[in-house]
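Please treat every number below as a calculation from the coordinates, not as lab data. Note that the structure is a prediction, hence the values are computed from the model and not measured. Cβ coordinates were reconstructed from backbone atoms using ideal geometry, including for glycine residues, and neighbour counts include every protein chain displayed.
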Amino acid sequence: MDKQARHILDTALDQISEWKESYGAWDQHPALSVSQEKAEHVFNELAGRLKGNFPFHHPVYAGQMLKPPHPLTWAAYAMAMTINPNNHALDGGPPSSEMEKEAVAELARFFGYGDEFLGHLTASGTIANLEALWIARESHPKKKIAFSENAHYTHERMCSVLQVEGTKIPVRENGDFDLDAINPQEIGTVVVTLGTTGLGEVEPLQQVLLWAREHGIRIHIDAAYGGFFRALKDADLAEETAWNLMEEADSIVVDPHKHGLQPYGCGCVLFKDPAVGKFYKHDSPYTYFTSEDLHLGEISLECSRAGATAVAFWATLQLFPLKESEGFGPILRSCLTAAKEMFEKIGTSKKLKAYKYPELDILGYFPSEATTTAEISEKVKAVFNVGMRERTFYLSLYRVPATSFKRLHPEYEINSEDVTILRSVFMKPEQQNFVETLLHRIETHL
Ligand SMILES: Cc1ncc(COP(=O)(O)O)c(C=O)c1O
């Protein structure tokens with residue numbers, strides 16, 4: 001599959017070499033040279049060691065949120081890395097900085113923000129959320145940041161880093177936030193997750209939005225995982241209003257290194273109001289902001305950032321537009337369908353039961369032939385291990401409080417605090433055609 005990428009990369013690298021040589025002939029310093037034998041030896045060892053990974057690229061891997069970037073994406077990344085531009089100051093990489101601005105503007109448009117916004121790529125969803133929560137704190141210095149009990153743990157941790165009080169909102173059985181449990185007067189910003197890390201739940205943005213507006217509370221959307229699914233807002237996800245309301249939020253985080261086909265090191269934070277740029281203002285004797293144009297380092301907490309990240313993401317967006325009918329739409333539709341088909345097939349299984357209906361492409365399920373929660377956890381761990389040992393399927397484990405489990409599955413006796421269930425993240429479109437095989441392989445071990 002990556003034959004095309006290798007060929008394209010080869011040709012593109014020739015063009016880059018020509019450009020490099022256009023400055024005049026020069027030789028690499030002898031101190032940097034390595035013998036062919038030594039290079040081959042090290043790379044052989046590398047190949048051997050890297051095979052110690054789980055098969056993230058293959059449909060058998062339906063475990064964590066892991067998948068390799070698109071081959072053309074890594075080709076673009078590798079090409080830019082031979083130059084290694086730095087997207088801090090414009091001067092560190094003029095073309096890659098432009099590409100970052102263009103790609104981020106495309107994301108902002110995709111989420112419904114207008115042309116006036118502030119945003120940039122980050123190293124990860126964690127750093128993007130840190131910036132969003134930092135702006136939340138600066139905007140309402142004496143108030144708390146609220147997030148649901150299903151939010152990524154980073155929000156609680158970042159509140160601690162930022163020395164701002166965080167508060168957890170309980171979630172009701174129907175997925176709504178129990179807003180009666182918190183005092184709106186104390187809250188400055190509320191976090192809504194579109195695509196929770198555990199089970200890909202879409203939190204009730206519509207409910208929270210009405211409440212937040214009434215009380216002058218800012219909204220931050222953590223769409224690190226789910227953001228790209230907005231491509232399906234008018235089709236497969238048309239009944240879920242949250243996707244159509246994203247533009248109402250004050251800030252949005254999305255991770256191109258999750259569903260955006262990018263290698264790790266690519267998160268993104270967007271702010272609806274560009275005036276928050278005032279919080280980023282800094283002055284230093286060693287930063288070389290030489291022109292009046294926007295230098296991304298002026299609106300980012302991180303200093304040096306790989307220009308290659310922006311180049312790869314920009315190239316990906318040219319190849320795969322953020323549309324429902326082409327580019328990202330069909331890719332995400334297959335992922336969504338894989339989870340829904342797995343849910344339906346499990347519905348007729350004698351050995352497995354789905355934990356709940358999947359809103360996105362993450363499904364929780366467990367062996368049904370058990371009577372107690374402890375027995376379920378035990379069977380789950382056994383089947384999880386056997387798949388990895390035999391290299392026939394790779395799943396992940398997800399722990400739910402027994403009380404939440406009981407609400408959905410009252411027929412099981414509770415004899416443990418938590419229940420461990422199986423979890424599958426169907427991030428690869430190829431998995432749509434693998435669901436039946438996967439299910440069969442799991443069932444044979446139950
Ligand atoms: C909803 C959500 N937010 C934040 C994060 C953290 O992102 P990262 O792993 O890119 O730092 C994740 C990661 O899984 C996530 O799913």
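Overview of values
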{"item": "Unit charges on C-beta of K, R, D, E only; dipole of segment 317-384, Debye", "result": "180 debye"}
{"item": "Student exercise, segment 334-443 dipole from Lys, Arg, Asp, Glu Cβ charges, in Debye to nearest 20", "result": "120 debye"}
{"item": "Cα-centred dipole magnitude for the chain, charges only on beta-carbon of K, R (+1) and D, E (-1), debye, nearest 20", "result": "1220 debye"}
{"item": "Selected from Ile145, His58, Pro274, residue furthest toward positive end of dipole (the chain; charges at beta carbon)", "result": "His58"}
{"item": "Pair-distance profile P(r), taking every C-alpha pair of segment 168-322, with 5 angstrom steps and integer %", "result": "2, 8, 15, 18, 17, 16, 11, 8, 4, 2, 0, 0"}
{"item": "Cys303, Cys266, Cys159 arranged by Cβ crowding within 10 Å, fewest neighbours leading", "result": "Cys303, Cys159, Cys266"}
{"item": "For segment 190-230: relative contact order, % (alpha-carbon pairs under 8 angstrom, 6 or more apart)", "result": "52 percent"}
{"item": "Span-like helix ranges in the chain, DSSP H, alpha carbon extent 30 angstrom or more, Kyte mean at least 0.0", "result": "none"}
{"item": "Global geometry of segment 4-125, whether rounded, prolate or oblate, following the gyration tensor of its Cα atoms and the 1.5 cut on a/c", "result": "oblate"}
{"item": "In Hz, Karplus ³J(HN,Hα) per residue of segment 27-34 (6.51, -1.76, 1.60; θ = phi - 60°; x = Gly, Pro)", "result": "10, 5, 4, x, 5, 9, 8, 10"}
{"item": "Computed [θ] at 222 nm, deg cm²/dmol, the chain (DSSP H ≥ 4; -39,500 (n - 2.57); rounded to nearest 500)", "result": "-12000 deg cm²/dmol"}
{"item": "Thr167 long-range amide H proximity, modeled H, under 5 Å", "result": "Ile145, Ala146, Phe147"}
{"item": "Aspartates and glutamates with Cα under 17 Å of Lys101, excluding same-chain neighbours fewer than 8 positions away", "result": "Asp91, Asp115, Glu116, Asp255, Asp273, Glu292, Asp293, Glu298, Glu302"}
{"item": "Over the chain, relative contact order from alpha-carbon pairs under 8 Å, at least 6 apart, %", "result": "19 percent"}
{"item": "Pairs beyond 29 Å (Cα-Cα), from Lys168/Lys350; Lys142/Lys168; Lys67/Lys340; Lys233/Lys356; Lys168/Lys345; Lys168/Lys356", "result": "Lys168/Lys350; Lys168/Lys345"}
